[in-house]
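The block underneath contains the structure these notes are about, expressed in structure tokens.
What follows draws every value from the coordinates through simple rules; no lab data is involved. All values reported here derive from a predicted model rather than from experimental measurement. Every residue, glycine as well, gets a Cβ built from its backbone with ideal geometry; the counts of neighbours run over all protein chains shown.
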Amino acid sequence: MSVRAVIIMPTYNERDNLPQIVAAIWQHAPWANILVVDDNSPDGTGQAADEIAARDPRLRVLHRPGKQGLGTAYIQGFKVAIAHGFDRIFEMDADFSHDPKYLPAFLRASEAAELVIGSRYIPGGSTPNWSAMRRFISSGGNAFTRALLRIPVHDCTAGFRCYHRSTLEALDLDSIRSQGYAFQVEMVYQVLRKRLRVTEIPITFIDRRVGQSKMSRRIFIEGFQFVLQTLRRTGPAPRPAKGQITIASPAYVAETIGAGGPAGG
């Protein structure tokens with residue numbers, strides 16, 4: 001399979017991480033383009049991204065005037081990716097919590113699904129360095145969301161994803177207003193309403209290496225409110241068709257990582 005793939009990477013104060021994560025991405029996925037969406041980081045992340053882009057055309061930078069939120073960063077990135085004709089459009093953090101070694105497995109799984117999600121809560125997935133409280137909040141939030149909106153996805157707040165371009169084109173991106181974890185929930189909810197196929201692959205999620213977490217109480221509350229508001233406005237997600245939701249095994253992921261994954265373009 002030869003596809004054009006781009007990784008959208010929102011950044012805010014990630015200067016110390018950016019060169020290393022870009023190098024790691026191209027080590028495991030030399031076929032990937034990268035679109036950095038920087039919110040005028042005070043630490044100079046945007047300038048660091050420009051320096052990499054000047055050396056390698058696989059990386060581009062979208063500069064925004066200030067901190068506008070994760071959801072709007074991805075929506076703007078999606079629109080740029082669609083306009084440039086990319087076939088596979090990834091979401092990925094810049095802080096190494098999303099391991100680039102999984103990128104070939106995402107690309108391979110996307111052959112049979114319109115959305116691929118890196119899941120912490122299926123066999124083979126894990127969060128090894130989380131505190132008990134953080135694990136409780138995250139898994140509890142997922143359970144709450146799944147139960148009320150009847151989303152048959154184990155990790156609906158996950159931010160490591162791969163979409164088909166046609167999937168994003170089928171959604172009304174301008175109607176999506178959520179930020180943070182609620183943004184990820186809203187996206188998978190809309191994908192399921194379009195009755196598109198979703199595959200979860202197991203990943204190990206490691207807490208960020210450098211810098212501070214972007215998680216806040218406001219983001220958590222927004223996610224809770226989104227679930228209740230969506231349930232009231234439009235109701236739960238439609239019952240999935242047979243085979244619409246699938247789970248990849250740890251062996252599937254390990255095999256793809258070991259083989260280097262499918263070829264991109």
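Take every Cα pair under 8 Å in the chain that's 6+ residues apart, average their separations, divide by the length, and report that relative contact order as a whole percent.
The normalised contact order for the chain reaches 26 percent.
Along the charge dipole of the chain, Cβ charges K/R +1 and D/E -1, which of Leu171, Gly258, Ile34 sits furthest on the positive end?
Looking along the dipole axis, the top candidate is Leu171.
R0 = 35 Å: FRET efficiency of Asp172 with Ser2, Cβ-based, nearest 0.05?
Rounded to the nearest 0.05, the efficiency is 0.70.
Placing +1 at every Lys and Arg Cβ and -1 at every Asp and Glu Cβ, with all other atoms neutral, what dipole size does the chain have around its Cα centre, in debye to the nearest 20?
900 debye
Where does the chain land on Rg(C-alpha)/(2.2 N^0.38 Å)?
Working it through for the chain, the quotient is 0.94.
Based on DSSP H runs of at least 4 residues, each adding -39500 (n - 2.57), what is the mean residue ellipticity at 222 nm of the chain after dividing by all its residues, to the nearest 500 deg cm²/dmol?
Helix contribution divided over all residues of the chain: -12500 deg cm²/dmol.
Just how many % of Cα pairs in region 38-170 lie over 19 Å apart, if you round to the nearest whole percent?
For region 38-170, the fraction of Cα-Cα distances above 19 Å is 61 percent.
Return the single residue from Ser138, Ser166, Ser110 with maximal mean-square fluctuation; model: Gaussian network over the chain, springs between Cα atoms under 10 Å.
Maximum fluctuation in the GNM of the chain, among the listed residues, is at Ser166.
Going by how many other beta carbons lie within 10 Å of each one, how would you line up Ser119, Ser2, Ser41, fewest first?
By the 10 Å Cβ count, ascending, the order reads Ser2, Ser41, Ser119.
What order, most packed first, do the peptides 141-147, 45-51 have when packing is the mean number of other Cβ atoms within 10 Å of each residue?
45-51, 141-147
Using 1/(1 + (r/R0)^6) with R0 = 51 angstrom and r between the beta carbons of Arg218 and Ala251, what's the FRET efficiency to the nearest 0.05?
Plugging the Cβ-Cβ distance into 1/(1 + (r/R0)^6) gives 0.80.
Measuring from a point 7 Å past the Cα of Ala83 along Cα-to-C-beta, which residues in region 161-180 have an amide N at less than 19 Å?
Only 165-176 fall inside the zone, counting backbone N under 19 Å.
Which FRET efficiency value, to the nearest 0.05, is calculated for Gln47 and Gln225 with the Förster distance at 35 angstrom and r the Cβ-Cβ distance?
Working from the Cβ atoms, E equals 0.45.
Considering the alpha-carbon set of region 98-221 alone, what are its Rg and its Dmax in angstrom?
Spelled out, the Cα radius of gyration and Dmax of region 98-221 are 14.3, 39 Å.
Any idea how far apart Asp207 and Glu111 come out in nm if each label point goes 7 Å out from Cα toward Cβ?
3.8 nm
When each pair of different Cα atoms in region 1-105 is counted once in the 1/r mean, what is the Kirkwood radius in angstroms, to one decimal?
Kirkwood hydrodynamic radius for region 1-105: 13.6 Å.
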